[in-house]
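This report concerns only the one structure given below.
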Amino acid sequence: MFSGKIAVVTGGSRGIGKCIAEEFRKSGAVVCTISRTPGTTFVGDLADKEALEAFASSVIEQYGHVDYLINNALPLMKGIDTCTYEEFQYALAVGITAPFYLSKLFAPYFAKGASIVNISSSRDRMSQPQTESYTAAKGGIAALTHALAVSFAGKVRVNSISPGWIDTNGITYKGPDAVQQPAGRVGNPMDIANMVLYLCSDKAGFITGENICIDGGMTKQMIYHGDNGWLLKG
């Protein structure tokens, strides 16, 4: 499906990003990854402007264009009680600034039919305590998505995916962890990778500026004391 296409995946060394990269490769794409983990195409910190520029230059020098940009890298998660100013800025740099800047750097080189997919989170619309840095970054990239979609109109389609609970360790959850979810199970990386590849395909040619929440239905479930075994304690 993607034979000869050039796919860029940030945070592609593990978890969801690794799965996305592997699925692109299986479909024939050439995959360029960047993360701080050795063994990726390019080792670099996404919060470092010079690293982003060097990575983009390397990709263009080798391939001359980009077909798909998947902004997946994971921002730091810390809360208001412990997160420092510097840590909050770092989370935003990885989660929002890097996707913006890579989109800008690749802008002249996106091929016809190109697609950007940003990985947000269901936390872009709901929260747990002490998650401000991560939640702010994910909310920001969800908004960045529709802004880029309008700016790139007619040239690049831009969408985002908001995963819910995605287990990246190969664990099959049973009992309350699974049955609390309307889909009846915890998610896995393939649930996200499948949607990424769909959004990059011609089948999604009329979809842009959209955010797709893949969370097993959790954000649609109203919860009150006593419902479905949920009990408020304390």
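The values are calculated or read from the model by the stated rules, or taken from the named source; none is laboratory data. What you are looking at is a predicted structure, and each value in this text was computed from that prediction instead of being measured. Cβ atoms come from the backbone with ideal geometry, glycine included; neighbour counts cover every protein chain shown.
For the residues G4, G15, G79, G39, the requirement of being closer than 23 Å to S120 by Cβ and either basic (K, R) or more than 15 Å from the chain's Cα centre (by Cα) (or both) singles out G79.
If you go through the stretch 18-43 and keep only what is modelled with pLDDT of 95 or more and farther than 21 Å from S115 by Cα, you end up with nothing. Restricting attention to the stretch 9-37, the residues that are surrounded by fewer than 17 Cβ atoms within 10 Å (Cβ to Cβ) and small (G, A, S) total 2. The number of residues in the stretch 189-230 that are at pLDDT 95 or above and among the polar types (S, T, N, Q) comes to 4. Quick check: is even one residue across the stretch 92-102 in a helix (DSSP H, G or I), of a type in the set (G, A, S) and without any contact (Cβ under 8 Å) to a residue 60 or more places away in the chain? Yes, because at least one residue in the stretch 92-102 is in a helix (DSSP H, G or I), of a type in the set (G, A, S) and without any contact (Cβ under 8 Å) to a residue 60 or more places away in the chain. Scanning for something assigned to a helix (DSSP H, G or I), of a type in the set (S, T, Y) and touching a strand residue (DSSP E or B) at 6+ places or on another chain (Cβ under 7 Å), does the stretch 157-173 turn up at least one residue? No; the residues of the stretch 157-173 include none that is assigned to a helix (DSSP H, G or I), of a type in the set (S, T, Y) and touching a strand residue (DSSP E or B) at 6+ places or on another chain (Cβ under 7 Å). Here G187 fulfils each of the conditions (1) at positive phi; (2) free of Cβ contacts under 8 Å to residues at least 40 places away in the same chain; (3) crowded, with 20+ Cβ neighbours inside 10 Å apart from (1). Of all residues in the stretch 168-181, those that are under 19 Å from K18 (Cα atoms) have Cβ atoms under 7 Å from Cβ atoms of residues that are surrounded by 13 or more Cβ atoms within 10 Å (Cβ to Cβ) and of a type outside the set (D, E), 6 or more apart or on another chain, in T168/G15; T168/I16; T168/P189. The set of residues in the stretch 38-85 being touching a residue at least 24 places away in the same chain (Cβ under 8 Å), of a type in the set (V, I, T) and loosely packed, with under 15 Cβ neighbours inside 10 Å consists of I80, T82. Taking the criterion of being surrounded by fewer than 22 Cβ atoms within 10 Å (Cβ to Cβ) and farther than 23 Å from A107 by Cα, the residues of the stretch 140-166 that qualify are G164, W165, I166. Scanning the stretch 174-190 for residues that are among the small types (G, A, S) and either under 21 Å from A137 (Cβ atoms) or part of a helix (DSSP H, G or I) (or both) yields A178, G187.
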